[in-house]
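Colleague: Encoded as structure tokens, here's the structure I'll be asking about.
The values are calculated or read from the model by the stated rules, or taken from the named source; none is laboratory data. As the structure is a computational prediction, the values presented were derived from the model and not from experiment. Backbone-built Cβ (ideal geometry, glycine too); neighbour counts: all protein chains shown. Just so you know, the surface numbers come from the protein's heavy atoms only, side chains and all, with ligands and any DNA or RNA stripped out. Shrake-Rupley method; radii C 1.70, N 1.55, O 1.52, S 1.80 Å.
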Amino acid sequence: MPAIEILGLTKDYAVGFWRKRMRRSLDNLSLEVNEGEIFGFLGPNGAGKTTCMKLLMGLIFPTAGTARILGRPIDDVAMHRDIGYLPEQPYFYDYLTARELLDYYARFSGFSAAERRARVTRVLERVGLASAADVQLRKFSKGMLQRAGIAQAIIHDPRIVFLDEPMSGLDPIGRREVRDIILDLKTQGRTVFFSTHILSDAEMLCDRVAVLHLGKLRGVGSPGKIVSVEVHAMEILFEPAEGHSLPPGLAQRAMPVGGRYRLELPEAALYSAFDEIRACNARILSVSPVRQTLEDYFLGLVERAPQATPPVEAGTR
Amino acid sequence: MSAMPRVVAINTFREAVRDRVLYNLVVFALLMIGAAILVGQISIGIERLVIVNLGLSAISIFGLVMAVFIGVGLVYKEIEKRTLYTLFSKPIRRWEFLVGKYAGLVLTLVINTVLMTIGLAAALLYIGRSFARADVSILIAVYFILLSLALVTAIALFFSCFSSPLLSTLFTLGIYVTGIFAADIRGFGALTSSAFLKGATSVVYYLVPNFRNFNSIAAAAHGESIPFSLVWQNTAYALIYIVLLLIASSAVFSRRNLK
Ligand SMILES: Nc1ncnc2c1ncn2[C@@H]1O[C@H](COP(=O)(O)OP(=O)(O)O)[C@@H](O)[C@H]1O
Ligand SMILES: [Mg+2]
């Protein structure tokens, strides 16, 4: 039995103030997510990722299609015992402290008071909010709210965790911590279904990804296969030695950035550039591949598939 | 009450407390103290009448303001602020949430009303009256006020499932005022010769809860006894409306796409 089974899910929204027209935000999406996998739901802003998550959570109702989670229909609320959900930009009762909030959510899983206390303490620790446990949420930063949101999504050890843009609003350390949490969940045999518009997050974590664009599914498979990230070029960041200027050949090609230089070049030319930099005693600060961004990737998708038209007009009402 | 609504109800009560809703009690206490001191100085023999009248009217008005203004935001606020997203990912049904929100506000109103009633009793003691059997009607009057508040809350909750707080307030107060004058409206219809007006006013009379049924303030103030049959009639009357309104609310809310 697949963990998540999406069958032709479609959602039209009414748009426009006076003359309401219907716009298709999710178009006949079919998808299967297996139990135990980390599944990345990729797409640029407006692709329909959040819409899909909200449909799966029963927050909005599909125009057409159905879905099953753990073999149960999505309107079966009892199934929610086994799932956790982090909404995009979560917002909570701001008159509660983090501890009270999590205790509140844990009550819906029917834990005893002692069990709740233990779980709340553990999960606050897990998401790095232990020191803010007794602070009212109105004083939380965006990143802290995100952590609280992850905490409530995993406090009851759900079998499937739905995370809508879990890394957004987090600093690099926070993103790293969230990645660790996701990988932990996988180790515990949980299924993680998370959406992102950031390609590297997906690459680093996912067993499989689905790519969504303008409400339509564009491909499913392993990240390497689906989003073939071609490394076009390398980038060297270097700093000239004190009192030295760059030889003209290098100065011409490199771009000055705040006293340092950035040099972009094909991979094959990397080692000769190293030699040049060494020759003038400059210090290399970093060498990194220049990757296609997800936006580039999607631009490519649209160009390669011109038959795919922008938002489908599903007629007027 | 089953587990899910209870959890929501307790949290709703906690929100009201943290939002300092119960501070209205301070105003009520000052009002009672002022009134008690004043009537003690000026009136002869009508102290009880004045204090009971004033106290019960204040309990009713304070409660009404609370029921309407908190009631219309009960669901709306949770939709607007999207606090429902995480809540509905838990194993709770939409009607359970509604019942919980409703019960939470009614609980707040009950506690507020009980505290105000204690204040009223203290004011009566202050003006030098020991309690008598006739004072039972004061308690019954308070109970009727609570029934009407529970009904107003259900109306406010119903509107808050699909309209903005401002509109919900207008609708709820509109129904409340219409309900107070329901009998007069039908009386007016009976006087006209127009069959349409007769019909329309009757429909209004039967559709809108007749809020005057819940007003026993005058009887309580004059120390008249209130027939016990009225107690269960009013209880049944309010409960029927409340249950129907909650069913209608959950029918609307359960189909709603959240923002
Ligand atoms: N409540 C709504 N009403 C009208 N249009 C909406 C609503 N929610 C989302 N949309 C539209 O649906 C499309 C998909 O949005 P969304 O699911 O939020 O995308 P993503 O999460 O991938 O960024 C967008 O074009 C968005 O404008
Ligand atoms: Mg989104």
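Colleague: Within a Cβ distance under 11 Å of B:Gly104, other residues only, what is the Lys/Arg minus Asp/Glu net charge? It would help to have the intermediate numbers written out before the result.
Modeller: On the way: positive: B:Arg6, B:Arg14, B:Lys101; negative: B:Glu15.
Cβ neighbours under 11 Å give a net charge of +2.
Colleague: About the Cα centre of segment B:3-254, what is the dipole size in debye to 20, counting +1 per Lys and Arg Cβ and -1 per Asp and Glu Cβ, all else neutral?
Modeller: So the dipole magnitude of segment B:3-254 works out to roughly 540 debye.
Colleague: Using per-residue counts of other Cβ atoms within 10 Å, averaged over each peptide, order A:87-96, B:151-160 from highest down. Before the final figure, lay out each step's value.
Modeller: Numbers: A:87-96: 19.4, B:151-160: 27.3.
Ranking, from highest mean packing down: B:151-160, A:87-96.
Colleague: Give me the angle, in degrees from 0 to 90, between the Cα long axis of helix B:228-254 and the longest principal axis of the Cα atoms of chain B, rounded to the nearest 10.
Modeller: Tilt of helix B:228-254: around 20 degrees.
Colleague: Once both axes come from the Cα atoms, what is the angle between helix A:113-126 and the longest principal axis of chain A, in degrees from 0 to 90, rounded to 10?
Modeller: That works out to roughly 10 degrees.
Colleague: For segment A:24-107, which semi-axes, largest first and in whole Å, follow from the square roots of 5 times the eigenvalues of its Cα gyration tensor? Don't jump to the answer; show the numbers that get you there.
Modeller: Numbers: eigenvalues 128, 57, 35 Å².
Ellipsoid semi-axes (Å, largest first): 25, 17, 13.
Colleague: Compute the convex hull volume of the Cα atoms of the protein assembly as shown, divide it by the residue count, and report the result per residue in Å³ as a whole number. Write down the numbers at each step before the final one.
Modeller: Values: hull volume 135.5 nm³, N = 576.
Residue-normalised Cα hull volume stands at 235 Å³.
Colleague: How do B:Thr192, A:Thr196 rank by accessible surface area computed with a 1.4 Å probe, from largest to smallest?
Modeller: B:Thr192, A:Thr196
Colleague: Where both partners of a DSSP beta bridge lie in chain A, what percent of those bridges are antiparallel, to the nearest 5? It would help to have the intermediate numbers written out before the result.
Modeller: Details: 40 of 58 bridges.
Roughly 70 percent of the beta bridges in chain A run antiparallel, per DSSP.
Colleague: Please state the relative contact order of segment A:4-226 as a whole percent: Cα pairs under 8 Å, 6+ residues apart?
Modeller: With pairs under 8 Å counted, the relative contact order is 29 percent.
Colleague: Oh, and also: Provide a whole-number value for the mean count of partner chain Cβ atoms within 10 Å of the Cβ atoms in peptide B:91-99.
Modeller: Counting other chains' Cβ atoms within 10 Å and averaging over B:91-99 gives 3.
Colleague: Per residue and in Å³, how big is the convex hull formed by the alpha-carbon atoms of segment B:162-259?
Modeller: Each residue corresponds to 145 Å³ of Cα convex hull volume.
Colleague: While we're looking at this one, here's another question. Could you compute how much accessible surface A:Glu125 exposes when probed at 1.4 Å, giving the result in Å² to the nearest 10?
Modeller: Around 120 Å² of this residue is reachable by solvent.
Colleague: Further, regarding this structure: Among A:128-135, A:240-247, how do they line up from the highest to the lowest mean number of other beta-carbon atoms within 10 Å? All intermediate terms of the calculation are to be shown ahead of the outcome.
Modeller: Working: A:128-135: 14.9, A:240-247: 12.0.
Top to bottom by mean Cβ count within 10 Å: A:128-135, A:240-247.
Colleague: Turning to a different aspect of this structure: May I ask for the Kirkwood hydrodynamic radius of chain B, worked out over all distinct Cα pairs and given in angstroms to one decimal?
Modeller: For chain B, the Kirkwood estimate is 19.7 Å.
Colleague: Helix B:165-180 versus the longest principal axis of chain B: what angle, 0 to 90°, nearest 10, using Cα atoms?
Modeller: Roughly 50 degrees between the two axes.
Colleague: Counting only residues 5 or more places away or on other chains, whose amide H sits under 5 Å from the amide H of A:Glu35 once H atoms are built in the peptide plane?
Modeller: Residues meeting the criterion, in which the H sits 1.01 Å from N, are A:Ala3.
Colleague: Moving on to the next point. From Cα pairs below 8 angstrom and at least 6 apart in sequence, can you work out the relative contact order of chain B, rounded to a whole percent?
Modeller: 28
Colleague: Determine the residues within segment A:82-127 where the difference in accessible area between the chain on its own and the full set of protein chains amounts to at least 20 Å²; count protein heavy atoms only and use a 1.4 Å probe.
Modeller: Residues meeting the cut-off: A:Tyr85, A:Pro87, A:Gln89, A:Tyr91, A:Tyr93, A:Tyr95, A:Leu96, A:Glu100, A:Tyr104, A:Tyr105, A:Arg107, A:Phe108.
Colleague: At 1.4 Å probe size, with no ligands or nucleic acids counted, give the accessible surface of B:Trp95 in Å², nearest ten.
Modeller: Its accessible surface works out to 120 Å², give or take rounding.
Colleague: So what J values fall out for segment A:76-82 if you push phi through Karplus, 6.51 cos²θ - 1.76 cosθ + 1.60 with θ = phi - 60°, rounded to Hz, Gly and Pro as x?
Modeller: Karplus-based 3J(HN,Hα) across segment A:76-82 equals 8, 5, 4, 4, 5, 4, 9 Hz.
Colleague: Same structure, new question: Report the accessible area of A:Lys20, computed with a 1.4 Å probe over the heavy atoms of all protein chains in place, in Å² rounded to the nearest 10.
Modeller: Probe radius 1.4 Å; accessible area of A:Lys20 about 90 Å².
Colleague: Using Cα-only point scatterers and the Debye equation, what is log10 of I(q)/I(0) for chain A at each q in 0.08, 0.14 Å⁻¹, rounded to two decimals?
Modeller: After summing over all Cα pairs, the log10 values are -0.48, -1.09.
Colleague: Using a 1.4 angstrom probe with every protein chain in place, what is the largest-first accessible-area order of B:Thr178, B:Thr12?
Modeller: B:Thr178, B:Thr12
Colleague: Follow-up. Rank these by accessible area, largest first, 1.4 Å probe: B:Glu96, A:Glu100. Write out the running numbers ahead of the final one.
Modeller: Numbers: B:Glu96 15, A:Glu100 45 Å².
Solvent-accessible surface, decreasing: A:Glu100, B:Glu96.
Colleague: Tell me which residues come under 5 Å, amide H to amide H, from A:Met234 once H is placed; ignore anything under 5 positions away on its chain.
Modeller: A:Leu265, A:Glu267, A:Val290
Colleague: May I pose another question? Keeping to pairs on different chains or 8 or more places apart, tell me how many lysine pairs in segment B:3-254 have Cα atoms under 29 Å apart.
Modeller: Numbers: B:Lys77/B:Lys90; B:Lys77/B:Lys101; B:Lys81/B:Lys90; B:Lys81/B:Lys101; B:Lys90/B:Lys101.
Pairs that pass both the separation and distance tests number 5.
Colleague: I need the phi-derived Karplus couplings for segment B:150-160: 6.51 cos²θ - 1.76 cosθ + 1.60, θ = phi - 60°, integer Hz, Gly and Pro marked x.
Modeller: Running phi through 6.51 cos²θ - 1.76 cosθ + 1.60 with θ = phi - 60° gives 4, 6, 4, 4, 5, 5, 4, 4, 4, 5, 5 Hz.
Colleague: Go through A:Leu56, A:Gly189, B:Ile44 and say which Cα lies farthest out towards the positive end of the charge dipole of the protein assembly as shown; charges sit on Cβ, +1 for Lys and Arg, -1 for Asp and Glu.
Modeller: Farthest along the dipole direction, towards plus: B:Ile44.
Colleague: Quick query: amide H of A:Tyr93 versus all other amide H atoms, modeled in the peptide plane; which residues come in under 5 Å with a sequence gap of 5 or more or a different chain?
Modeller: none
Colleague: May I pose another question? I'd like the interface area for chains A and B: accessible area of each alone minus the complex, both sides summed, 1.4 Å probe, protein heavy atoms only. What is it in Å² to the nearest 100?
Modeller: 2800
Colleague: Residue-wise, which Karplus ³J(HN,Hα) couplings in Hz belong to segment A:166-176, taking 6.51 cos²θ - 1.76 cosθ + 1.60, θ = phi - 60°, and x for glycine or proline?
Modeller: x, 8, 5, x, 10, 7, x, 5, x, 4, 4
Colleague: Taking each residue in A:214-223, count the Cβ atoms of any other chain within 10 Å of its Cβ, then average. What number comes out?
Modeller: Mean partner shielding for this stretch: 0.
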